[in-house]
Amino acid sequence: MAAASAPIKVDVGTDQLISHAAHFLGKAKKDVVEAAVREYIDKHREEINEGVRAVLSRLDGSSTSSVALLAGLSPEQIDEYGGMPKTS
C-alpha cells in the first residue's frame with residue numbers, strides 16, 4: 001500500500017534549493033524534503049521533547065487546563081471569561 005502524501009508550501013527560493021539538490025542527488029524532491037525534515041527533527045529532538053514536557057506540565061487533568069492550553073489562554077483568563085461548567 002502506498003503512503004498517502006500531503007502537499008506542503010515553501011517559498012520560491014527554498015523550492016529552487018530542493019529542486020537543485022534533488023537533481024544533483026538523482027532523487028525526487030519529496031525524498032529530499034523527507035530526508036531533510038527527518039534530519040532536522042533528529043537534530044532538534046531534545047528541544048522538541050522539552051516543548052512537549054512544558055505543555056504536559058501545564059495539564060492537570062481538568063477541563064480548564066485543557067481548554068486553556070488549546071485556546072492559548074491561562075486558566076485565570078478562562079475563569080475571567082466565565083470558567084468551565086462544573087461537572088458532578
Practice problem: Determine, for the chain, the count of lysine pairs separated by eight or more sequence positions (or lying on different chains) whose alpha-carbon distance falls under 29 Å. | Solution: 7
Quiz prompt | Within the chain: Cβ-based charge dipole about Cα centre, in debye rounded to nearest 20 (Lys, Arg +1; Asp, Glu -1) | solution = 360
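Mean Kyte-Doolittle of at least 1.0 plus a Cα span of 20 Å or more along the axis: flag which DSSP H helices in the chain meet both, please.
Taking the DSSP H segments of the chain (at least 20 Å long, mean hydropathy at least 1.0), we get none.
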Quiz item: If you average over every viewing direction, what projected area does the convex hull of the Cα atoms of the chain give, in nm²?
Solution: 10.4
Exercise. Rank 52, 21, 66 by how far each Cα sits towards the positive end of the charge dipole of the chain (+1 on Lys, Arg Cβ; -1 on Asp, Glu Cβ) and give me just the farthest.
Key: 21
Quiz prompt | Per-residue Cβ neighbour rank within 10 angstrom, fewest leading, 62, 5 | solution = 5, 62
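Computed from the coordinates by the stated procedures, all read-outs in this text should not be read as laboratory data. The structure presented is a predicted model; accordingly, all values stated were derived computationally and were not measured. Don't worry about glycine lacking a Cβ; one is built from the backbone with ideal geometry, like all the others, and counts go over all protein chains shown.
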